[in-house]
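Visitor: Please find one structure pasted underneath; my questions will follow.
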Amino acid sequence: MAQVQPRVTQATGKRKTAIAQVRVRDGSGIIAINGRTLEDYLVRITSRMVVRQPLEVTETTDRFDVTVSVNGGGLAAQADAIRHGISRALCLINADFRPPLKRAGYLTRDDRIKERKKYGQPGARKRFQYSKR
């Protein structure tokens with residue numbers, strides 16, 4: 001008898017320079033980031049809460065296992081990228097999840113990134129000191 005493969009859905013989430021490749025499959029609610037547990041990878045409690053938000057909004061905390069590969073940016077930006085990726089993957093699994101995730105703002109890509117340095121200036125917006133003489 002053929003064994004039924006669990007459904008795996010893949011999505012990408014981004015925030016600043018952090019990019020998270022997220023795989024969501026049927027399971028018991030385990031979240032693994034770069035081969036480590038959620039508690040082991042994200043030390044701050046607020047970052048852990050950010051990662052769990054899409055699952056709590058859709059009330060699927062114990063239904064899916066999440067595997068994440070994330071790189072770039074800091075830990076806070078990585079947490080936001082993971083949240084974005086999980087939200088997009090949940091929408092692919094079930095279209096009914098889209099309205100609550102959209103209402104919570106988890107499907108919107110936050111496109112604020114660092115502005116480039118301009119020539120003739122020490123930074124993106126800072127100017128060299130002006131002296132009249």
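Visitor: If I filter segment 56-92 down to residues being among the polar types (S, T, N, Q) and under 22 Å from residue 27 (Cα atoms), which single residue comes out as surrounded by the most Cβ atoms within 10 Å (Cβ to Cβ)?
Guide: Keep residues of segment 56-92 that are among the polar types (S, T, N, Q), which gives 58, 60-61, 67, 69, 71, 78, 87.
With under 22 Å from residue 27 (Cα atoms) added as a condition, the list becomes 58, 60-61, 67, 69, 87.
Values: 58: 23, 60: 17, 61: 14, 67: 18, 69: 14, 87: 27.
The extreme case among them is 87.
Residue-by-condition table, conditions (1) assigned to a loop (DSSP other than H, G, I, E, B); (2) modelled with pLDDT of 95 or more; (3) out of contact with any Gly (no Cβ under 8 Å at 6 or more places or on another chain); (4) not polar (S, T, N, Q):
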| site | (1), (2), (3), (4) |
| --- | --- |
| 4 | yes, no, yes, yes |
| 13 | no, yes, no, yes |
| 19 | no, yes, no, yes |
| 24 | no, yes, yes, yes |
| 29 | yes, no, yes, yes |
| 32 | no, yes, yes, yes |
| 46 | no, yes, yes, no |
| 50 | no, yes, yes, yes |
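Visitor: Continuing with this model, one more query. Would you tally the residues in segment 106-133 being touching a residue at least 40 places away in the same chain (Cβ under 8 Å) and surrounded by 10 or more Cβ atoms within 10 Å (Cβ to Cβ)?
Guide: Applying the first criterion (touching a residue at least 40 places away in the same chain (Cβ under 8 Å)) to segment 106-133 yields 106, 109-110, 112-114.
Pick out the ones that are also surrounded by 10 or more Cβ atoms within 10 Å (Cβ to Cβ) and you get 106, 109-110, 113.
Matching residues across segment 106-133 total 4.
Visitor: I'd like to know if segment 112-130 contains one or more residues that are under 19 Å from residue 49 (Cβ atoms) and either at pLDDT 95 or above or among the charged types (D, E, K, R) (or both). If you could, list the steps in order and put the result at the bottom.
Guide: Within segment 112-130, the first condition is being under 19 Å from residue 49 (Cβ atoms), and the residues that meet it are none.
No.
Visitor: Report yes if some residue within segment 77-86 is outside any helix (DSSP H, G or I), β-branched (Val, Ile, Thr) and under 14 Å from residue 12 (Cα atoms); otherwise report no.
Guide: Filtering segment 77-86 for residues outside any helix (DSSP H, G or I) gives none.
Scanning segment 77-86, I find no residue that is outside any helix (DSSP H, G or I), β-branched (Val, Ile, Thr) and under 14 Å from residue 12 (Cα atoms), so the answer is no.
Visitor: Let me ask another. Does residue 103 count as of a type outside the set (A, V, I, L, M), without any contact (Cβ under 8 Å) to a residue 12 or more places away in the chain and either within 30 Å of residue 9 (Cα to Cα) or part of a helix (DSSP H, G or I) (or both)? Don't jump to the end; show me each part of the working.
Guide: Working: of a type outside the set (A, V, I, L, M): yes; without any contact (Cβ under 8 Å) to a residue 12 or more places away in the chain: yes; either within 30 Å of residue 9 (Cα to Cα) or part of a helix (DSSP H, G or I) (or both): yes.
When the stated conditions are applied, residue 103 passes them.
Visitor: Does residue 95 qualify as being more than 15 Å from residue 13 (Cα to Cα) and either surrounded by 12 or more Cβ atoms within 10 Å (Cβ to Cβ) or at pLDDT below 95 (or both)? Talk me through it step by step, then tell me what you get.
Guide: Numbers: more than 15 Å from residue 13 (Cα to Cα): yes; either surrounded by 12 or more Cβ atoms within 10 Å (Cβ to Cβ) or at pLDDT below 95 (or both): yes.
Yes.
Visitor: Let me ask another. Look at residue 44 and say whether it is surrounded by fewer than 17 Cβ atoms within 10 Å (Cβ to Cβ) and basic (Lys, Arg). First the steps, then the outcome.
Guide: Values: surrounded by fewer than 17 Cβ atoms within 10 Å (Cβ to Cβ): yes; basic (Lys, Arg): yes.
For residue 44, the condition - surrounded by fewer than 17 Cβ atoms within 10 Å (Cβ to Cβ) and basic (Lys, Arg) - is met.
The values are calculated or read from the model by the stated rules, or taken from the named source; none is laboratory data. Bear in mind that the values here come from a model prediction, so they are computed numbers and not experimental data. Every residue, glycine among them, receives a Cβ derived from its backbone with ideal geometry; neighbour counts consider all protein chains shown.
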